[in-house]
Amino acid sequence: MPHIIRAAAVLLLLTGAASAQSALVEVSNQTMVAPFNQTADTVDDWDVHAADGTKIGEVEEVLGTDASTATALAVDFEGNGGFADRDVIVPLDRFSFTDNRLVLDATAEAVAGMPTYHD
């Protein structure tokens, strides 16, 4: 019986991750990314840093609930600083723009639980 419960939990997690992916779209280049007061076109390809300053990835896409509402970034993690080498959807509230750099406020473990981005 515990195997059935675990299988059901895994299925729910996978379904939730797939739903999160399908609910988001790439925003238009002119969409303002409010936390940084920059357009999506400007934010695209920014380097992403850990709190200690280590470069851990780069912005792949700016995503949102529709083409004019930015809510997340798809980050291409490079396998540095304990972050796995994969593209991940990270909510905007997990970032700050500090000392002229985009800083992620999430541990590698937290990012591991976030949905994978498939372009």
- Taking amide hydrogens as modeled 1.01 Å from N in the peptide plane, which residues meet the under 5 Å criterion relative to Leu73, leaving out close sequence neighbours? Leu63, Val90, Leu92
- Taking H placed 1.01 Å from N in the peptide plane, check which residues at least 5 places from Phe95 or on another chain put their amide H under 5 Å from its amide H. Asp105
- Query: Once phi is turned into θ = phi - 60°, what whole-Hz ³J(HN,Hα) does the Karplus curve with 6.51, -1.76 and 1.60 give for every residue of the stretch 28-43, x standing for Gly and Pro?
  - Reply: 5, 4, 8, 5, 7, 9, 3, x, 10, 6, 9, 6, 4, 4, 6, 6
- Item | 13 Å beta-carbon shell around Glu78, net charge (K/R +1, D/E -1) | -4
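None of the figures in this text is laboratory data; all of them are computed from the coordinates on show. Since the model is a prediction, treat every value here as computed from it, not as a measurement. When we count neighbours, we look across all protein chains shown, and the Cβ atoms used for this are built from the backbone with ideal geometry, even at glycine.
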